[in-house]
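Working notes, beginning with the structure itself.
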Amino acid sequence: MGTPEIAAEVKTKLDAARAALAQHITGAPGVPADGSLSAGWKGDVCLTCSFQAEDVLLTKLAVALDPKIPILFLDTGYHFAETYAYRDRIASEWNLNLINLLPEKTVAEQEAEFGLLYKTAPDRCCGFRKVEPLFKAVAGYRVWITGLRREQARTRAALEESSLFTLPGGRQVLKLAPLAAWTTRDVWYACEELGIPLLPLYERGYSSIGCEPCTSLPTDPNDPRSGRWAGAQGVKIECGIHIQAAPVS
Ligand code: SF4
């Protein structure tokens with residue numbers, strides 16, 4: 001496909017993503033509210049941002065609609081120095097309403113009590129440093145916007161653009177994935193078109209970037225997340241924040 005075709009395709013996808021965001025961020029009329037969620041969306045929307053390309057792209061689109069939309073960042077304490085520097089740069093230049101979600105324990109406290117959980121029990125580490133803080137925060141909103149894409153992992157292949165997500169305890173939030181159908185090529189093309197600077201770690205060959213101890217260069221060029229939790233040998237490919245609680249009986 002040539003550049004004009006890519007440009008047209010990405011423009012169509014950008015328009016659709018903007019429309020999906022506008023429905024919920026600005027409360028555009030005609031939005032069918034789910035029966036379990038009351039109307040009056042404005043102010044009830046948050047966006048989680050890891051500061052990877054798709055999240056930063058969505059952030060750019062979202063703040064154009066509401067400059068004060070809460071941007072939630074999971075500050076695990078284990079991110080690359082480059083990620084923290086990039087987060088601070090984008091937050092400052094875009095004047096983001098950035099909310100850093102902190103775990104109950106600092107890295108030092110957790111390591112003193114449990115050792116290096118990212119080596120011995122990564123699910124537990126993710127539970128403490130990502131899942132618990134995120135679910136606690138998201139419970140305060142009606143709508144949770146994410147940069148998830150189907151192409152990212154086999155666990156995301158059936159991702160819907162809009163779905164109800166059940167938090168522990170049964171509370172439900174409307175979870176949006178406006179970029180669900182986007183390819184990596186689409187994301188990079190759009191970022192370039194919109195002049196969005198990207199996390200410099202991509203230039204070093206990383207294709208999916210999380211906490212430093214659990215992120216390595218991809219081992220499979222066809223699997224962008226093959227460098228995540230590489231020590232878990234493919235067993236662990238999700239941190240858990242996108243796995244919803246079992247239905248409350
Ligand atoms: S990605 Fe690794 S370091 Fe980060 S919270 Fe999960 S196990 Fe811990």
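If R0 is 25 Å, the Cβ-Cβ spacing of Asn222 and Glu9 corresponds to a FRET efficiency of close to 0.70. Of the options Ala177, Tyr84, Pro4, report the single residue whose Cα projects farthest towards the positive end of the charge dipole of the chain (beta-carbon charges: Lys, Arg +1; Asp, Glu -1). So the residue furthest toward the plus end is Ala177.
Footprinting exposure proxy ranking of Thr48, Thr215, Thr183, fewest other C-beta atoms within 10 angstrom first, gives Thr183, Thr215, Thr48.
In this Cβ point-charge picture (+1 for Lys and Arg, -1 for Asp and Glu), the chain has a dipole of about 400 debye about its Cα centre. Pairs Lys11/Lys130; Lys105/Lys136; Lys136/Lys175: which exceed 23 Å Cα-Cα? Going by Cα-Cα distance, Lys11/Lys130 fall outside the 23 Å limit. Considering the options Ile71, Gly27, Leu164, tell which one lies farthest towards the positive end of the dipole of the chain, charges being +1 on Lys and Arg and -1 on Asp and Glu at the Cβ, about the Cα centre. Checked the options; the winner is Leu164. Relative contact order for the range 75-150: what is it in percent, counting Cα pairs under 8 Å that are at least 6 residues apart? For the range 75-150, the relative contact order is 33 percent. Counting only other residues whose beta carbon sits under 14 Å from that of Ala17, what net charge do I get with K and R as +1, D and E as -1? Charge balance in the 14 Å sphere: -2.
The label point for Tyr84 and the one for Asn97, both projected 7 Å from the Cα toward the Cβ, are 2.6 nm apart. Please list the non-local residues whose amide H lies under 5 Å from the amide H of Leu101, H modeled 1.01 Å from N, same-chain partners needing a gap of 5 or more. When sequence neighbours closer than 5 places are left aside, the close amide H contacts are Phe73, Leu74, Asp75. The simple Förster model, with R0 at 25 Å and r as the Cβ-Cβ distance, assigns Ala158 and Glu113 a FRET efficiency of 0.10. Calculated [222 nm] ellipticity per residue, helices only, for the chain: -10000 deg cm²/dmol; basis is -39500 (n - 2.57) per DSSP H run with n ≥ 4, divided by all residues, nearest 500. Where both bridge residues fall in the range 119-177, DSSP classifies roughly 60% of the beta bridges as antiparallel.
Straight-line reach from Lys68: taking Cα to Cα under 18 Å and skipping same-chain neighbours fewer than 8 places apart, the aspartates and glutamates in range are Asp44, Asp55, Asp88, Glu93. Residue order for Trp182, Trp188, fewest other beta carbons within 10 angstrom first, comes to Trp188, Trp182. Put simply, the C-alpha atoms of the chain give a gyration tensor, and the ellipsoid matching it has half-axes of 27, 23, 18 Å, longest first. Please list the helices of the chain that count as membrane-span-like by this rule: a mean Kyte-Doolittle hydropathy of at least 0.0 together with Cα atoms stretching 30 Å or more along the helix axis, each helix being a complete DSSP H run. For the chain, where a helix must reach 30 Å along its axis and average at least 0.0, the hits are 3-25. With contacts taken as Cα pairs under 8 Å and at least 6 residues apart, the chain reaches a relative contact order of 20 percent.
Listing Ile196, Ile90 from fewest to most neighbouring C-beta atoms within 10 Å gives Ile196, Ile90.
For the chain, the antiparallel share of DSSP beta bridges with both residues in that region comes to about 35%.
Where a number appears in this text, it was derived from the coordinates with a stated rule and is not lab data. Bear in mind the structure is a predicted one, so any value in this text is a computation, not a measurement. Virtual Cβ from ideal backbone geometry, glycine too; neighbours counted across all protein chains shown.
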